[in-house]
1. Which residue, of F62, F19, is within 29 Å of A249 (Cβ to Cβ), away from the ligand (no atom under 16 Å from the Cβ) and either in a helix (DSSP H, G or I) or at pLDDT 95 or above (or both)?
2. Identify, from the list T259, T235, the residue that is open to solvent by 30 Å² or more (accessible area, probe 1.4 Å), among the β-branched types (V, I, T) and either assigned to a loop (DSSP other than H, G, I, E, B) or modelled with pLDDT under 95 (or both).
3. For the stretch 76-89, state whether one or more residues are crowded, with 17+ Cβ neighbours inside 10 Å, out of contact with any helix residue (DSSP H, G or I) (no Cβ under 9 Å at 6 or more places or on another chain) and hydrophobic (A, V, I, L, M, F, W, C).
4. Confirm whether L28 is open to solvent by 20 Å² or more (accessible area, probe 1.4 Å) and in a helix (DSSP H, G or I).
5. If I54 satisfies all but one of (1) under 23 Å from the mean Cα position of the chain (by Cα); (2) of a type outside the set (F, W, Y); (3) at pLDDT below 95, what's the number of the condition it fails?
6. Could you figure out which of (1) under 18 Å from the mean Cα position of the chain (by Cα); (2) over 15 Å from M243 (Cα atoms) isn't true of K10?
7. When the residues of the stretch 267-293 are narrowed to those that are assigned to a strand (DSSP E or B) and touching a helix residue (DSSP H, G or I) at 6+ places or on another chain (Cβ under 7 Å), which ends up farthest from L143 (Cα to Cα)?
8. Enumerate the strands (runs of 3 or more DSSP E) found wholly within the stretch 118-191, keeping only those where 2 or more residues are within 22 Å of T259 (Cβ to Cβ).
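The values are calculated or read from the model by the stated rules, or taken from the named source; none is laboratory data. It should be emphasised that the depicted structure is a prediction, and the values quoted were computed from it without experimental measurement. Note that each Cβ is placed from the backbone with ideal geometry, even for glycine, and that neighbours are counted across all protein chains shown. These area figures cover heavy atoms from the full protein model, side chains too; ligands, DNA and RNA do not enter into them. Shrake-Rupley method; radii C 1.70, N 1.55, O 1.52, S 1.80 Å.
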Amino acid sequence: MITFYPGPSKVSSKVSKYFQDAVLDGVLSINHRSPEFVDIYTNVSEALKEKLLIPEDYVVLFASSATECWEIIAQSLITSSSFHIYNGAFGEKWFDYTKKLKPDSQEILFDMQKVLDIKNLTIPSSAELIAITQNETSNGTALDNSTIKTLRDRFPEPLIAVDATSSMAGIQLDFLNADVWYASVQKCFGLPAGLAVMVCSPKAIERARAINERGHYNSLPFMLDMAEKYQTTYTPNVLNIYMLMRVLADASSISETTTKTHGRYKQWLEFFSEIDAISLLIEDDRVRSKTVLALTASEDEIANMKIKAKQAGITLGNGYGNLKSNTIRIANFPAIKNKEIQILMEFFRNHLS
Ligand SMILES: *Cc1c(COP(=O)(O)O)cnc(C)c1O
């Protein structure tokens, strides 16, 4: 069985080894206030900075999911309103969750086929935070580093928070261009679900301290207090944090990983350009995600392909939200093997006209 699902996705082939080591070394029973845990947290924090090129003065925090990060941001970094810019289902969900806590928050939807037009964007001066989805997993679009930089330059005042759930550790991100970045580990990190990493700039930390919201177990000031001691506010997913440490230790530099991701992306482009029955959902290369490919075909073709893929032992990503019946998605994440890509290409060759 091989999977191209864009989350939960294929885990690193080394996970079984990491898991075994965790059992043998007693990691599963260590106390989250112990020096052993503090060492693991410290190690992960340093490795994330080194491997993903996260600035030294950003703070690394743990949460249980990207969804929880939406809530942490809404409760602890916004007093009355944020501004959400999105073109797909995950950006919309983030906005929906935020509105439940901060009803004055506002949104703008942009065309998924178009480059986000920042020059003509108006953001109310009341917006304390701008929320963007760097990689929109539902439709296979992305905002590149230069777009986020332009946003930062045009709107220097509000915090910028970035959902990078399906791209962090898969492509290089310029962390300096925004204040809060988060991702859950079941996408590009190649780990099982149940853990998210959230990184905060000094400006985000300062804002959290100024607002000083302390009404929740994961209120940001409380998380930051604990992070100073390399601890968490609750008993965390120690196993996954340990495996994250191992995955990062074995990971290539992010520039090498980016080269690999881009190379595979190009391979897929060439491949699909020769097949008539299926095409990329997003037409403009500048807005296409490099880590998640959305493909579109007739509803019959999609339905047929899903059945055939299942029979062949291949899991494809279903279309998401309103794109369910006429798209499929395939992950282009680092843990996927070249051999598996060859198998999927062979499958498409045999089952598509
Ligand atoms: C998968 C995903 C999420 C949700 O992640 P959870 O860990 O399930 O909360 C949020 N945003 C994006 C862009 C995603 O791809």
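1. F19
2. Going through T259, T235 in turn, the sole match is T235.
3. Yes, there is a match, as at least one residue in the stretch 76-89 is crowded, with 17+ Cβ neighbours inside 10 Å, out of contact with any helix residue (DSSP H, G or I) (no Cβ under 9 Å at 6 or more places or on another chain) and hydrophobic (A, V, I, L, M, F, W, C).
4. yes
5. Looking at each condition in turn, I54 falls short on (3).
6. All conditions are met except number (2).
7. Result: S279.
8. Numbers: elements: 129-133, 159-163, 180-184.
Output list reads 180-184.
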